[in-house]
1. Search region B:174-202 for residues being within 14 Å of another protein chain (Cβ to nearest Cβ) and assigned to a loop (DSSP other than H, G, I, E, B), and hand back the single one that is modelled with the lowest pLDDT.
2. For the subset of region A:463-509 comprising residues that are outside any helix (DSSP H, G or I), under 30 Å from residue B:329 (Cβ atoms) and free of Cβ contacts under 8 Å to residues at least 12 places away in the same chain, which member is farthest from the other protein chains (Cβ to nearest Cβ)?
3. Being at pLDDT 95 or above and within 14 Å of chain A (Cβ to nearest Cβ) narrows it down to one of B:109, B:141, so name that one.
4. Among the candidates A:501, A:482, single out the residue that is surrounded by fewer than 22 Cβ atoms within 10 Å (Cβ to Cβ) and at positive phi.
5. Suppose we filter region B:290-313 for residues that are on the phi < 0 side of the Ramachandran plot, touching a residue at least 24 places away in the same chain (Cβ under 8 Å) and either within 28 Å of the chain's Cα centre (by Cα) or crowded, with 18+ Cβ neighbours inside 10 Å (or both); how many remain?
6. When you look at residue B:317, is it within 18 Å of residue B:368 (Cα to Cα), at pLDDT below 95 and within 14 Å of chain A (Cβ to nearest Cβ), yes or no?
7. Identify all residues within region A:247-276 that are crowded, with 21+ Cβ neighbours inside 10 Å and more than 23 Å from residue A:85 (Cβ to Cβ); write none if there are none.
8. Taking region B:320-358, which residues are exposed (fewer than 14 other Cβ atoms within 10 Å of the Cβ), facing chain A (nearest Cβ under 7 Å) and under 30 Å from residue B:407 (Cβ atoms)?
């Protein structure tokens, strides 16, 4: 139930990790909170990155401040988001073509930023991580890891709601409501209902990632953001167990991150105009670069099937005193538009990285509390996210599906119906997703369509890319909507969305599988895309 | 080892050619990797169902409008018509009853409830000549409890749109319930196997009869038998109402049954079916293929007067896509494939995908080419062929069956 008179202390715009974290923080400090997202949670850069739990080592040489933030947040997330984190550790390897002298200054910089960095023998590195390029001449072990941004974000949303926050997805900001120079509310387009709705608040926080540029503009403020496109590839299985980085200045395709059943190689870096941020997709050239460079980290990439390619946009922010945009930091930018632009009741939180989302949320919430005259301490670094609380359920079933679900939902797994044949039957065999888990996601995790469902449960994310599971899942969605026509349209959109990630890498086995999928859905089933609108 | 004809590929096209040749007294071998499109059979054979998004009523007439490189255009409309009749007789002689006619498409219903134009539909499976002729009466769609690869609600939705009075329910028996305790077992082929045992089908039929009382038609998932069609016959005999089967998501039980029946027929006629082997290369002399080698029989060449390649499209690895090129991997036959990788695809998965029409170039007698030269004792058949977009046209089975028969006829004429 939304607030009766549509009034809030704070409205947060943007359902990425930062927005979700801010909603959680605000709600935990007792603010009456609403978070709005134009598409689905994690639809932007949050769901389109490496899923790397940065140790900060990568930034240690160039950006000490960011590096320190990273390692601090890294340690916090291992505590509060343990069910989203895989503590793999990482290697920074030096190859024959790299300068081994860089290693020394790299390690020094790490230590100065408080990042544990141990030089290890290349032979030991090969034992620790057998997939690493055996030609390496140097290796440093750092506390990198991997983090699931989908789980992390949803977990923040679940906790925000537990603390009374309201949540709206598929609601797009169309305008602000002003009172003089103050922002006092928002006008939203409710996409499902196709209507305009208004909500009022004392403070509005712009957590729109790269889209925050347009949001700020709508409010009358200019934030100097550079959209920077990065493309990545998901490989068909988990080649490596540790994160593998190149020990050199950051460049294209120099990080390989394991995550769940797969691993991700990335990224590239290209500036794109603001008008194109909704249209980006990986190019053939980027795919070629990623493979060429990626093979140098782990030669097995050359003969591993690629599942899909995708691109995200980093919201890089130029500092206010450098309009040329040359001095770009990966650091956090929290703007008080009242002091900066004379627009009161409006805050922008941007810059940063996935791993510093919590700190970004803390800064934004601190500022919101200051404006509201609320004196409440931030507790998000101390209290575990839902799913990460210590739990032990002696009655938990020993099925693989339950274990797979537990790795996704942590202590919340007990909300999944299990123990009867129907609930335990598998929808997605690649990822071990049961009927019970799908129904839990539909009922409790804001699932309106198949793409939402994929982000919540990994249905269709595995090796088969939704070949068979997507229709089973669509069947369950049809039951819950009570409308099979909608579920069928949704299924078509889902398959189209899967294809967008496959097309850039469709050769070899990927093309064989893609053709098989088309044969089943378009051929045998006669499915077509009637509603050409992109659902995200 | 020496044969009259060696067929590479043991799917629908390869088996049809093999049966035709052995039944005429040839000594044949089929080398199969095990992939067959019949495993995701829709219950119907398509000949030519669509021109773009337009439905085709008479496939034979529509051949005139096809690209000159299309396999049907190479055969010519009158040959297609003759071969289509031969195909129907071919399956009838095997005891596979199919309904339909090459000069008048009918509709099948897809597992998601779409009506699709098609040529021949398996007996007892849902088929209707026109939407107006859809006289099902009060209809019950009955699923097997917990079977997730059949979607009664999608079907019911599709039929209701056509004005059918449709209801949905499910049935089960103890054995099928036990199947459910392992979460991956509830798939069509496993259900069929359970039903083959003891009197399972008898008890399930009783349950179905109970549920379908008062209905004119009962629609069931096509899971009744992978070894034979006795269970389907039993169902129809026992149930008082009309019985219509609808295909499920893969694996397709009637598809597996058909694949096994074709293979059995081929072997009964004396054909040698080598499963799980792969042809690695061939030895050519002039414009003739002399012999081939396989992965399992490394040093032993397989010699034959004629060869047929029926290895299918990408999903069965008859065609292979590399980073920047498309090839036919066994003999490196000439293929049509246009442009750079980016041009193989449309960004919308439901649009026409150029890669779907890529395939092996042949002359009008289905001889493929190497560097522009036809190989005179090699025939290419089935979805390996260029120019047919089987998916968009709904022509997959037709292209496979007719080109296979054509190649076999050509070989027999020689």
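The values are calculated or read from the model by the stated rules, or taken from the named source; none is laboratory data. Fair warning: this is a prediction, and the values are worked out from it, not measured in the lab. Glycine gets a Cβ as well: all are built from the backbone with ideal geometry, and neighbour counts include every protein chain shown.
1. To start, the set of residues in region B:174-202 that are within 14 Å of another protein chain (Cβ to nearest Cβ) comprises B:174-191.
Within this subset, residues satisfying the condition of being assigned to a loop (DSSP other than H, G, I, E, B) are B:180-187.
Working: B:180: 79, B:181: 73, B:182: 72, B:183: 64, B:184: 72, B:185: 79, B:186: 83, B:187: 88.
Applying the filter and picking the extreme gives B:183.
2. Narrowing region A:463-509 to residues outside any helix (DSSP H, G or I): A:463-468, A:482-483, A:506-507.
Within this subset, residues satisfying the condition of being under 30 Å from residue B:329 (Cβ atoms) are A:463-468, A:506-507.
Keeping just the survivors that are free of Cβ contacts under 8 Å to residues at least 12 places away in the same chain gives A:506-507.
Details: A:506: 6, A:507: 4 Å.
This residue is A:506.
3. B:141
4. A:482
5. The qualifying residues number 12.
6. Details: within 18 Å of residue B:368 (Cα to Cα): yes; at pLDDT below 95: yes; within 14 Å of chain A (Cβ to nearest Cβ): yes.
Judged against the criteria, residue B:317 is a match.
7. Across region A:247-276, the qualifying residues are A:247, A:253, A:268.
8. Answer for region B:320-358, where residues must be exposed (fewer than 14 other Cβ atoms within 10 Å of the Cβ), facing chain A (nearest Cβ under 7 Å) and under 30 Å from residue B:407 (Cβ atoms): just B:322.
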